[in-house]
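The structure under discussion is supplied below as C-alpha cells; questions concerning it will follow.
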Amino acid sequence: MENEEIEMNTENESNSEKKENIILAIESSCDETACAITSGRKVLSNVISSQIEIHRRFGGVVPEIASRNHTMAISNIVKEALDDAKLTLKDIDAIAVTKGSGLLGALIVGVTFAKGLSYATKIPLYAVNHLNGHIAANYIAHEKLKPPYICLLVSGGHTMLLEVIDYNNIKIHGTTRDDACGEAFDKVARVLGLFYPGGPEIERLAKIGKPSYSFTKPFKGETHYDFSFSGIKTAVINLTENEKARGNSVIPENLACSFQECAIESLKDNAFRLCNELSYKKLAVAGGVGANGRLKEVFQKEGKEKKITVYFPPRALCTDNAAMIGVAAHYLIESGEQPVDLTLDADANLRI
Ligand code: KG4
Ligand code: ZN
C-alpha cells in the first residue's frame, strides 16, 4: 500500500478562497484499488493499493484475481484516505466512482462499494468516466491549464488524440485501430522476457540501448490522426523469432530502445500535427504511458521548437489513481451533472 506524496497547485493559489466540495473518490477499474479525497483541484489524500506484484507472475492482470483483491482492500483504502486527510465521512460532500471503462468485475467492486456508502451516508454519488479522470490528472499539477487544448491520452487500454473543448466537452480526432500504446509496451516486454507492466521495464532497458533496429512508422504520409501499434509489435516478435531461428539473439536493450523510439515518434507526429492544424498552443499528455521519461523529453523538445506548451501529470498521477477521478467529478458537478441513484451499473466499454 502506498500513499503518494504529490506536489500540487504550485503555479497559482488563486482558487484557495473559494470553498469547493470535498469529494471522496474511488477507482478500481484495473489492478489498483484507490481512494482519494479531493477539493476542487486540490488533493487532500491519495491512497493507492497496487496489485502489480500479485499479477506479475501471470504476465498480466487476471481479472478474477483483480476483483477479489479489490474486494479485500477497498474498505481499508477508503478508511486510510479519510484518515490521511484528517477527515470523517461527515466532512464529505460527494462520492465519486469510476463507472468505466475497465475490467467489468473490477469496476463492479468500486461501484457497489460506492453505492453502499452513498446509501448509508446519504452523500450524493457521481459516476466518472475513467478517461475523463486521466485527462483531469493534469489539472492537479497545472493550476493554469484550462480548456481548450489538445490531449494525447496514452494508457494500457486507450490511445486517443482529443480536443478538450471544455471540461466535459471532448472531441475525438484519432484513436488506435488495433493495440493501445501501453498494451504494445506490455506485449513487447513479454517477448523480451521482462516483467509486467512492460512500460517501465522497456523504459529502463531502453536507457542503456541504441535505436539500432529500424521499424516502419505506421500510416506514413497519411493525413488522419489514428494510431496503430500492432505492426511494430509484430515486427519485434518476427525479428526476435527470425534471429532465434538463425541461431542468433537480438540485443534486448537495442530492441527496447528501437521500439520505444518508433512508438514515441508516431505519438509525437500525430499530436503536434493536430495542434498545428487546429492552431492549438497547449498539448497535455495523460495516461500510464505518460509516465515514460523519454516520451516527456521528446515532447518537451518538440514543444519548445513548435512553441507549444506541453503538460504532463506528475509521474504518480499518470497511472491509475483516484485523485484524478475526484477532480474529474468536481468538473462534472460544476457543469450541473446530477447525482446517480442506486441503479448505477459499471460499464466496461464506456466511451468518452
Ligand atoms: O493508465 P494506466 O495505469 O491504466 C490504464 O488505464 O490502462 O496505464 C497502464 C499502462 C500499461 O500498459 C503500462 O505498461 C504503461 O501504462 N506504462 C508505461 C510506463 N508506465 C506505465 N509505458 C511506458 N513507459 C512507462 N514508464
Ligand atoms: Zn487508466
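The values are calculated or read from the model by the stated rules, or taken from the named source; none is laboratory data. What you see is a predicted model, and the numbers here were worked out from it, not measured in a lab. Please note: Cβ atoms are built from the backbone with ideal geometry, for glycine as well, and neighbour counts cover all protein chains shown. Ligands, DNA and RNA are excluded from the accessible area calculation, which covers all protein heavy atoms including side chains. Shrake-Rupley method; radii C 1.70, N 1.55, O 1.52, S 1.80 Å.
Looking at (1) within 16 Å of ligand 2 (Cβ to nearest atom); (2) farther than 30 Å from ILE92 by Cβ, which is the one condition that is false for LYS304?
Only one criterion in (1) within 16 Å of ligand 2 (Cβ to nearest atom); (2) farther than 30 Å from ILE92 by Cβ is unmet by LYS304, namely (1).
Filtering segment 188-198 down to residues that are within 9 Å of ligand 1 (Cβ to nearest atom) and within 23 Å of SER249 (Cβ to Cβ), which residue is modelled with the lowest pLDDT?
By that ranking, first place goes to TYR196.
Look at GLY105 and say whether it is closer than 29 Å to ILE232 by Cα and either in a helix (DSSP H, G or I) or more than 16 Å from ligand 1 (Cβ to nearest atom) (or both).
no
Check ALA120, ALA141 and return the single one that is away from ligand 2 (no atom under 14 Å from the Cβ) and closer than 26 Å to THR343 by Cβ.
From the options ALA120, ALA141, the qualifying one is ALA120.
Is there any pair linking a residue in segment 149-177 that is small (Gly, Ala, Ser) to one that is in a strand (DSSP E or B), with Cβ under 6 Å and at least six apart or on different chains, and which?
Taking only residues 6 or more apart or on different chains, the pairs are GLY174/LEU161.
Where residues in segment 286-330 are assigned to a loop (DSSP other than H, G, I, E, B) and open to solvent by 20 Å² or more (accessible area, probe 1.4 Å), which of them is nearest to LEU82 (Cα to Cα)?
Checked segment 286-330; the qualifying residue nearest to LEU82 (Cα to Cα) is ASP320.
While we're here: Going by the conditions given, is ALA66 over 29 Å from ILE165 (Cβ atoms) and surrounded by 22 or more Cβ atoms within 10 Å (Cβ to Cβ)?
For ALA66, the condition - over 29 Å from ILE165 (Cβ atoms) and surrounded by 22 or more Cβ atoms within 10 Å (Cβ to Cβ) - is met.
Going residue by residue through segment 159-177, is there one that turns out to be surrounded by fewer than 24 Cβ atoms within 10 Å (Cβ to Cβ), within 16 Å of ligand 2 (Cβ to nearest atom) and not hydrophobic (A, V, I, L, M, F, W, C)?
yes
Something else about it: Count, please, the residues in segment 139-159 that happen to be away from ligand 1 (no atom under 13 Å from the Cβ) and outside any loop (DSSP other than H, G, I, E, B).
6
Contact list please: Cβ distance under 9 Å, first residue in segment 54-76 and touching a residue at least 24 places away in the same chain (Cβ under 8 Å), second residue of a type in the set (Lys, Arg) and not in a loop (DSSP other than H, G, I, E, B), pairs at least six apart or on different chains.
Cβ pairs passing all conditions: GLY59/ARG190; GLY60/ARG190.
Moving on. Looking at ILE123 and the list (1) part of a helix (DSSP H, G or I); (2) away from ligand 1 (no atom under 16 Å from the Cβ); (3) out of contact with any Ser or Thr (no Cβ under 8 Å at 6 or more places or on another chain); (4) aliphatic (A, V, I, L, M), which single condition is not satisfied?
Looking at each condition in turn, ILE123 falls short on (1).
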